[in-house]
Every structure is written in C-alpha cells, then in structure tokens.
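Following: one structure in structure tokens, then a few remarks.
Nothing in this text is a laboratory measurement; each read-out follows from the coordinates by a stated rule. These numbers were taken from a predicted model, which means no experiment stands behind them. Backbone-built Cβ (ideal geometry, glycine too); neighbour counts: all protein chains shown.
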Amino acid sequence: MNMKFIYTFALLMISHLFFGQNSSISGSVVDESNGGALPGVNVIIKDKKLSTTTDSDGKFVFRNVASGSYDVEFSYIGYVPKIISEVITKTNEITYLNTTIAESKNELNEVVITRTKAKAESIKSLLVAQKNSITVSDGISAESIKRTPDRTTSDVLKRVSGVSIQDNKFVIIRGLNDRYNTALINGAPLPSSEPDRKAFSFDIFPANMLDNLVITKTASPDLPGEFVGGVIQINTKSVPDKNFQSITIGSGYNSITTFKSKKEYEGSSTDWLGFDNGARNLPSTIPSTKDFEALNGKPEAAAIAKSFESDWAINETKFKPNTGFQYSIGHHFDFGEKVFGVLFSVSHSITNNLNEIARNKWDDSNQSLPSVLLETKNDINYSQQVLTGSLANFTMKFDENNSIFLKNILSINSNDLVVERTGKNDVNDARVINSNVRWFTSNMIYSGQLNGEHYFTKPKIKVFWSGFYSNIQRTIPNLRRNVYIIADPNSTDPKESSPRAIIGAPGNSSDYGGGMFFSENKESISGGKFDVSKKFDIGKVLNNEIKLGGYIQNRERDFFARQFFYSQYQSIGGIYDRDLEYLTDEFIFKNENMGMLSSGKNGFTLYEYTKKEDSYVAGSKLNAAYVMLDNRYKKFRLIWGVRVEDFVQTLNADTQTEGVVDLNVKKTDYLPSANLIFSINSKQNLRFSYSKTLNRPEYRELAPFGFYDFTTQFFTQGNPDLKRASVQNYDFRYEFYPSKGQLFTISYFIKKFKDPIEIIQQAINNTISYANANSAVNNGIELEFRVLLSSIFTSENTTVFDDFTLFSNLAIIKSKADVKGINGANPEISRTMQGQSPYVFNAGLQYMNKENGLIISANINRAGNRIAYASSENDPAIWEKGRTFLDIQVAKSFNKNKLELKFNIQNILAQDLIFYQNNYKNTAEYGSLETLANNIFTGDFHYEDGYNSTDDDLFWNQKFGRSFSLSATYNF
C-alpha cells in the first residue's frame, strides 16, 4: 500500500468526518399499552424507499437522509400499522421520532392504518414511557441539561424532584442524609469519593458529558439492595446518530472573588490540570514510619528535616476569571448491517472562590443558663477548583439485535485551598491566634464498562451482560499548617505585639504549628452482571415477563496517612533559639534553621506523629441474584420478586490503645419488593410499592483512623462497632399526564429504619464520629407538576404561551429517631433524623422558541434546616440553616444552530451558609400564619428548630458570591 493511497484515504475520511452535511432520523418504538420497547418493528421512509428495523431496545436510525418532509411507516405483526407524516429533516441535524403502536384487537377485520403528525407523536410516546416506568423515578434529559446553567453533575441534580445538594456536591434525596443513596455510572457502581463519609462527590463529573440522569426512589429486584433515598443512575453520552464535532469556550466572574486579592503558595506545574506532579511528595530520603520513630528526637531526624524543600511562603496575587473549555467529536462507520461508532470528549474548567467564614465555640453544658462564648475566629478561604474530564465511548452494532458497548470516563478533580485564620482560643484572653493552611486535594476517577445487548427474535429472549471496573485515587500531598500567636496586640514591646510561631517540644503536636499531613486513598471496584428476560402470555389478557440476573462485585481500599511536625530540637547542653519563632512563613522552616545552628544554638527538628491507626486495609465481596416477574392484566401491572445479597466486609487496622481491629462481617439478606400499578385510564396511574433495603457502614465509618479538618476544626473518628441498617419502604403515588409534556404527581412515602447510622458530634473534644440510633421513622409527601402556560392562559390571537413551561416540585418530610439511652446522660429520647431536611423545594420557568433560537430559564431550589451533627452526651445538635438558590440562563442560537451563546447567573441571592447550635427557643407567635406554615414544613408551631440569631448560638457563618458566566459553543 503506497503513501499516496494512505493520504488520499485519510483526506476523504477527514472531509467526511468534519464536513458531512446529511440529516438523520432517529427514534424508538414502544407498545402503546405498556410502554415496553418493541424490537423488530419495520420502519420505512415511504418517499425514499428506505427501510430498517428496530433493535433490541426498540430503537432505529436512518443516516444520510436528504433535507425534506417525509412520511414514515411503522408495521409489526399483531399491531396496527401507523404512518407519521410531516417528519421534517434539516441539513446536518438529527430529527427525533419516538412513537407508539397499538395491538390489533381483531385480526379478522380489515386493518385501518393509523395516521398522525410527527410533532404530536413524539410527545405522546414520551408520556407513555413515563407512565409505564416500573418504579417511582424522576430524571432529567441531555436536552434539559443543556438548557440550564449547570456546570457539574451536582448542579444538574438540583433540578430533580425531591433532591437537594449539600456542600455543592453531596446529594440529599427526600431530605435524607447523603449516605442513604447509591450511585451508578452506566450501570456500574461508583465508589465513595470521600475518605470521611459515605457519599459520592457529584461535582467531579462535568454536566456536558451526561446523556441523562435518573433517580429511582423505589426498589425493584434488578436494582442494588443498598439504598434508601434513591439510586442515582448517571448515563454518559454514547455514539451519536450523526457525525459531529463541537467546541465550547467560556469564562466567568464571581462578585466577591474575580480580580480581588488572592493568597496562594508554590504548588506544582500540573496543578492547573487537577493533579500534583510530585512536587509535594515526601522526599525519597524519608525513612518508613517504623524507622523514623526510632530517630525521633535524635540528631539524625534533624538531618532528615533538611531534605524537605517545600516553600511555606504565602504570596499575594489577584483572582483570575473562571474559565471553561470542552471539545467533542463523534463519528459512525457503516459496513452494511454493521455499524461502528466512536465518541470522544474532553473538558476542562477552573473555578475560583473566596469565602469569609466567622466561627464560634460555645459552652452549653449548663442547660439552665445561657450559653457562654468560649472562642471566636474568622477565616478567609482562597480556593481554586479544577475539573478535567475525558470520555471515550465505542459501539459495535453487528445487526439490529446484537450490540457491544465500551464506555470509559476519566475525571480529575482538585481543590487547592489556602486558609488564613485570625481569632482567640479564649475570648477573655488578650492573645490572638493567626494560623494558616495550604491544602491541595486531588481526586482521579476512572470508570469503564464493557456491555453487551442481544435479542433472540423467535423465543423473544433479551440478554444483557456487563463487566465493569472503577478506580479512584484521592491524594492529599503535604497539607501544611502553621500557627502564630500575638501575646498582646496593644503592647509596645515588639516581642509581645509581634506574631510568634507556636512550635512544640518533641512529643507535643496538638494546636502547634509546623504540621505536615500526607495521605493517599486507593480504591477499586470490579465485577459484572448478567440479565436475561423473556416475555410470555397466558391466555389473551395476562401478559408476562420474567427476568433473572446475577451480580458480583469486589471492592478493595488501601488507605494510609503520615503526619509530621517541626519541633524544638533538643540536644545535650544546647539552648533552643526562640528568636527563630519570630520568622515569617517564608523563612521559618528553611534548611539552615534545622538542627544545630551556626550560632551554636538549637533550631528545629522533624518529628513524626503518625499513629498506628493512620492506615487501614478494607475490602468487600458482594454476590447477588434475583428473580423478577412483570405481570400485566388489563389495567393492572405487578412487578415483584426477590433479590438475595451475600455480603462479606473486612477491615484490618492497628491502634495505639486497643490493639488490632480485625473486622470480618458476613450477612445474607433476602430483599423482597413489589410495585403495583393501576392504570385508571390512558393518562392516569396509581402506584403502590413495598421493598426492603439496606444501608451498610462505609469503610471510613468503621476505621479507627482520625483526621483533623482545619476548615471545620473537627476531628473525625470511626466506630468499628457500627451495625448495618435495614429499612422497610412503602410508597403510594398518583400520576396524571394531561398532554404536551405536562404532568402532575402526588406521592406519599414512609420508611421504617432499624439501626440507622448517624453522624454525631462530641464538642467536648471537637470529635465527629458515627453511631446507630435505635430506630427511626421517616414519612412525607411529594408533589410535582409541569405545565405549559398555554393550557392556563388560552388565547386565539397569540401562541406565545406555547413557549412557556412552568414546573415545580415540593417534598414535605417528617422524621423521628429513637435515641433513648445511646448518649449516656443525655436525657434526649427522640429527635429529627440527622441530615433530614423537613422540606425540599424546586421550581422553574422556561421560555423556549425554536424558531428564533432563544431560550430563557429561571430555576429556584431550597432545602429546609437539618441537623448536620447530632447531639452528644454533653452538647446540643449542630444545625444547618436552609438556603435558597436562584439561577438564570439566557441562550441564543445563530447560523442555523451552529453557534450558541449562553449567559448564566448562578446563586443570585448569595445567601450565607449558617450552622448553629439550637437552643430550641420559641421564635414565632402562636396562632399566626407563620406558625401554621412552620408546623406544615418543620413540624413545630413555634419554629423551635429554626435559626434565631437572638436565642441560638451561631456556630459558623460562610459568605458566597454571585457567579456570572458567558460561553460560546460552535457545532461543525
């Protein structure tokens, strides 16, 4: 093969890839009576004499269709043929055509072909799919995601009914703590991204890589058994129906951050990509923990201290604007019946933030007296978040019934944080503390799945198989903390009014400066699943489907941490040079200040404080099998079955005081579930659901490892005695789908917990830990509607209201946890569940006109006050005050939709994040409209659980800015 041929072939491929102008028609066909996908349906474009058949998922596609208006015919044995007219295609665009077909009632009569128009048909099929879902679920499509100002997956999740976001990354479903959710990506499990909680940080995945996102709130046997709030199913984009490439460039401004003063320190040259290149790593000359312990306090340790070259200086600069970039390209190759497709995408964003935080600590030990303020501090956080993501998906469709998918996603997320803190450890003391931290955290997540779908036409058997592997690495390289004290700011003595570093003697580490922390968390999940389903009928009115499946999962975690402090070097006869403590961050820990100084005095040495519990190894094995039956009889549908999960969890760690912790927990659980659906008519459903689900302890919650979080001032400690929680779930839901993408639903649910796992705080020593409550009950209602304004404001003279969609959802939840006897002398016997919001509210208004390419949307989101850390024996609970988020987006398309501009405003209200110690004082007059609303939303007439600045103790208060961004997307 000569080079000329290669160049010619490459040129033709590039030209076809980049400049193809043909249109496509893509869609799906479902059964009108039950919403099930129909494989093998004949689809014909009558005007072009083009034909195909639907695949195992009922999907079809016509590529390289010239622009125009066509009639498309659908036919299938035993079903009424249908012709859809006015299927309009445009140059270089995809026309989506989703439809339903109905069974023939009497094949002896003459078949009358159904005729309809394309616009109405796609709307109808969407409603059929929603109406016939086997579980209570809510979701958001790629098209909807595109029309919001969402940057990450956590932003997208705010739009889903009954969902709110905590810390801008953790999901709260039905007001429940984030630990009660399970996350899947393309059907494979996601590991916890956090070392100190059972949760996944959804700000890791860019929103523009999502195809759709669905939250399932009731169980079925084919879903994982470990969830209570919901299963969050993230599906990344697959191979497109037409060749394309697009590029997006954007920039943003924050009202309290951009162009303002920024504090930063010397990092690594790859920080802008989201990972450290090794600049912060422990020097290779540092011995192992065991070897270093033998050197603590000896001259060799002082010599080793000189091998650290890290720069402790904090420099001042300016915050730059936020930036964002994405490039995507997709292509398909046709080989007769065989189709091979590829999709690549890469995105990168940098977000800068400045937050001012006021912190207080209180003494509430005497409940009969007002709280006493013990300490007060003020923080300024300077942070830069980097989000880099890449996606590579491949599809091989051998024919309409056999396909293989390989999906890969790599996400790198980092946060580089500088904190400057000023305050007093004792409000009655003249001394002022100045401390700072340099804290870089990086998460690198890879997830890959190899999936296969096969449909055997004659026996009507569908087979799905999947193998998956996920890997997450979370590193904190060289978190550095320094502490200075000013003895008396008003003193004329320079020694008293100048900052002096607090450097401890060997053996002292708490509250001292010169600390360094290194940690690495490696975790992997591997496994596979296999599902096979078959449809069969009993008589003419009882339609059935049986589905069997198996699932295996192996999970492993390896965590370690090392802690060092610069200490006073002590040698026989030597005198410690205290003048070193008056040096600034830039100079204090230079190599020349280690060991014996040139002056003959003693300087600093390096001391390792790594404890035995600072590392642990954990793993788990899950084997599951299930059987599920789907029975349809006239207007009734019952989906029922059982899932069996055999689970083994291990954890091995050593401790300083209690010896080796060696956990080996084995449990076999039988998890039944049933979903009964009664179709009142073609537009209305009643749903009844029951299921048993689980909530297992996370490795970190069991591990004895303790971590001090400088930003919260809490020390997090695991509890090896935790038990897994079990939950009985009951759901009732009424659904009404009027028409034109509109809906109204009302749901009632109740959840009965045994041994729920909660986060508790022991403020007496600033410790956060985990404990089982005795039991809990959680119940609530959810309301959701989506309506076109034209159905409310009708007018013969204008159609403008056809372009407006109003939507809202509200969840009102009440919970009660039995905590009698679990907090020692604390007399509290019941309270709201930790992490449970009493209400979650979302609403939005969207204007979308396809003719002029203009879209305007406004979205609001709020969750009620909730217990962040449950009460302990000595202290009341710490509550988080609810906040309201308001976002607006304006998008405009140009040049036949090739160019799109978006202007976003996020967090318009910029409300403070407030945590408070609740003193349960009445805050509203009894009998007022306010007390009535409080009783509905929070359960108490006087709003005792709410925040009152006069009676409650402000724990901390964090300020946020408003964000403005502009982006441009060009589609080639």
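Can you work out ³J(HN,Hα) from phi for every residue in the range 711-726, in order, using Karplus 6.51 cos²θ - 1.76 cosθ + 1.60 and θ = phi - 60°, giving whole Hz and x for Gly and Pro?
6, 9, 6, 9, 9, 8, 10, x, 9, x, 8, 4, 10, 6, 8, 10
Taking the Cα of Glu592, stepping 7 Å toward and past its beta carbon, and measuring to each backbone N in the range 297-313: which are under 17 Å?
Output list for this probe position: 306-313.
Could you give me the ³J(HN,Hα) list for the range 896-911, computed from phi with Karplus coefficients 6.51, -1.76, 1.60 and θ = phi - 60°, whole Hz, x at Gly and Pro?
6, 6, 6, 10, 10, 10, 10, 10, 10, 10, 10, 6, 4, 6, 6, 6
If Lys and Arg each add +1 and Asp and Glu each add -1, what is the summed charge of the other residues whose beta carbon sits under 11 Å from the beta carbon of Phe960? Don't jump to the answer; show the numbers that get you there.
Details: positive: Arg883, Lys959, Arg962; negative: Glu356, Asp912.
So the environment of Phe960 carries a net charge of +1.
Given R₀ = 41 Å, what would the calculated FRET efficiency be for Glu356 paired with Thr668, taking r from the Cβ atoms and rounding to 0.05?
Working: r = 52 Å, r/R0 = 1.26.
According to the calculation, E is roughly 0.20.
Would you mind counting up the charge near Ala305? Only other residues with Cβ under 13 Å from its Cβ, with Lys and Arg at +1 and Asp and Glu at -1.
Values: positive: Lys298, Lys306, Lys590; negative: Glu300, Glu309, Glu592, Glu608.
With Lys, Arg at +1 and Asp, Glu at -1, the neighbours total -1.
Need one word for the range 239-610: rounded, prolate or oblate. Basis is the Cα gyration tensor (sqrt eigenvalues a ≥ b ≥ c); a/c below 1.5 gives rounded, then a/b vs b/c decides. Kindly include the intermediate steps, with their values, before the conclusion.
Working: a/c = 2.41, a/b = 2.30, b/c = 1.05.
Prolate, because a/c is 1.5 or more and a/b exceeds b/c.
Helix 929-938 sits at what angle to the longest principal axis of the chain, using alpha carbons and giving 0 to 90 degrees rounded to 10?
It works out to around 90 degrees.
Report the residues of the range 385-410 in range of a label on Phe344: point 7 Å along Cα→C-beta, backbone N strictly under 12 Å from it.
Residues 391-393 qualify, since their backbone N sits under 12 Å from the label point.
In the chain, if the dipole is taken from +1 on Lys/Arg beta carbons and -1 on Asp/Glu beta carbons about the Cα centre, which of Tyr327, Gly961, Gln836 is farthest to the positive end?
Checking the options against the dipole of the chain, the answer is Tyr327.
Charges on Cβ only, +1 for Lys and Arg, -1 for Asp and Glu, centred on the Cα centroid of the chain; of Val29, Asn554, Leu702, which one is farthest towards the dipole's positive end?
It is Val29.
How far apart, in nm, are two points set 7 Å out from the Cα along the Cα-to-Cβ line at Lys820 and at Asp71?
In this crude label model, Lys820 to Asp71 measures out at 7.5 nm.
Assuming R0 = 51 Å, what is the FRET efficiency of Ala968 and Thr457, from their Cβ-Cβ distance, to the nearest 0.05?
Details: r = 47 Å, r/R0 = 0.93.
It comes to 0.60.
Over the chain, what is the mean sequence separation of C-alpha contacts under 8 Å (at least six apart), divided by residue count, expressed as relative contact order in percent? Intermediate results must be reported in sequence, preceding the final value.
On the way: 2730 pairs, mean separation 93.2, N = 972.
It rounds to 10 percent for the chain.
To the nearest 500 deg cm²/dmol, what mean residue ellipticity at 222 nm is calculated for the chain from DSSP H runs of n ≥ 4 alone, each contributing -39,500 (n - 2.57), summed and divided by the residues?
Values: 10 runs with 75 residues, N = 972.
The helix-only estimate for the chain comes to -2000 deg cm²/dmol at 222 nm.
Once the piece of chain linking Leu282 and Ser307 is laid out straight, how much longer is it, given 0.36 nm per residue of separation minus the C-alpha distance between them? Numbers along the way, then the final one.
Working: separation 25, 0.36 × 25 = 9.00 nm, distance 0.94 nm.
Full extension of this stretch gives 8.1 nm more.
Can you sort Leu899, Leu954 so the residue with the fewest Cβ neighbours within 10 Å comes first? Working shown, then result.
Numbers: Leu899 14, Leu954 18.
By the 10 Å Cβ count, ascending, the order reads Leu899, Leu954.
Taking the Cα centre as origin and putting +1 on Lys and Arg beta-carbons and -1 on Asp and Glu beta-carbons, what dipole magnitude results for the chain, to the nearest 20 debye?
Numbers: 105 positive and 107 negative charges, 655 e Å.
Rounded to the nearest 20 debye, it is 3140 debye.
Could you tell me how many cubic angstrom of Cα convex hull volume the range 281-422 has per residue?
Details: hull volume 45.7 nm³, N = 142.
Each residue corresponds to 322 Å³ of Cα convex hull volume.
Aspartates and glutamates near Lys612 by alpha-carbon distance under 14 Å, same-chain residues fewer than 8 away left out - which ones?
Within the straight-line cut-off, Lys612 pairs with Asp291, Glu293, Asp654, Glu658, Asp662.
Can you tell me the orientation of helix 118-131 relative to the chain, as the angle in degrees between its alpha-carbon axis and the longest Cα principal axis, to the nearest 10?
60 degrees
Express in nm, to one decimal, how much length is gained between Ala430 and Ser599 on full extension, taking 0.36 nm for each residue of separation and deducting their alpha carbon distance. Write down the numbers at each step before the final one.
Details: separation 169, 0.36 × 169 = 60.84 nm, distance 3.35 nm.
Roughly 57.5 nm would be gained on extension.
Suppose the chain between Ile888 and Thr767 were pulled fully straight at 0.36 nm per residue; how much longer would it get relative to their current alpha carbon spacing? Each step should come with its number before you reach the end.
On the way: separation 121, 0.36 × 121 = 43.56 nm, distance 4.00 nm.
Once the chain is fully extended between Ile888 and Thr767, it gains 39.6 nm.
Of all GluC sites (Glu not before Pro) in the range 796-859, which ones are in loop regions per DSSP and have a Cβ with at most 10 other Cβ atoms within 10 Å? Working shown, then result.
Numbers: sites: Glu796, Glu828, Glu851; in loops: Glu796, Glu828, Glu851.
Filter output for the range 796-859: Glu796, Glu851.
If you average 1/r over every pair of different alpha-carbon atoms in the chain and take one over that average, what Kirkwood value in Å do you get?
Mean inverse Cα-Cα distance, inverted, gives 30.9 Å.
Count neighbours as other Cβ atoms within 10 Å of each site's Cβ, and list the GluC sites (Glu not before Pro) in the range 593-665 that are DSSP loop with at most 13 such neighbours. Let's see the in-between values first.
Details: sites: Glu608, Glu613, Glu645, Glu658; in loops: Glu658.
Filter output for the range 593-665: Glu658.
Tell me, what ³J(HN,Hα) does each residue in the range 326-333 have, in order and in whole Hz, if you take phi through Karplus 6.51 cos²θ - 1.76 cosθ + 1.60 with θ = phi - 60° and put x for Gly and Pro?
Residue by residue, the range 326-333 yields 8, 10, 9, 8, x, 7, 10, 10 Hz.
Picking from Ala303, Phe398, Ser567, whose Cα lies most toward the positive end of the charge dipole for the chain (charges on Cβ: Lys, Arg +1; Asp, Glu -1)?
About the Cα centre, the residue reaching furthest to the positive side is Phe398.
If the limit is 32 Å between Cα atoms, which of Lys262/Lys814; Lys217/Lys460; Lys320/Lys377; Lys460/Lys666 go over it?
Working: Lys262/Lys814 43 Å; Lys217/Lys460 29 Å; Lys320/Lys377 28 Å; Lys460/Lys666 39 Å.
Over 32 Å apart, Cα to Cα: Lys262/Lys814; Lys460/Lys666.
Highest first, please rank the peptides 267-278, 877-888 by the mean number of other Cβ atoms sitting within 10 Å of their residues. Let's see the in-between values first.
Numbers: 267-278: 16.8, 877-888: 20.0.
Ranking the peptides 267-278, 877-888 by packing returns 877-888, 267-278.
Taking the simple approach of a point 7 Å from Cα along Cα-to-Cβ for both Phe903 and Val627, what is their distance in nm?
Distance between label points: 6.2 nm.
With contacts defined as alpha carbon pairs under 8 Å and 6 or more residues apart, what's the relative contact order of the range 239-610 in percent? It would help to have the intermediate numbers written out before the result.
Numbers: 954 pairs, mean separation 55.5, N = 372.
Relative contact order comes out at 15 percent.
Taking R0 as 56 Å, what's the FRET efficiency between Asp511 and Val777 from their Cβ-Cβ distance, rounded to 0.05? If you can, show how the numbers build up before the last one.
Values: r = 42 Å, r/R0 = 0.75.
Once rounded, the FRET efficiency stands at 0.85.
So, in nm, how far is label Asp211 from label Leu676 when the simple model puts each one 7 Å beyond its Cα toward the Cβ?
Distance between label points: 3.6 nm.
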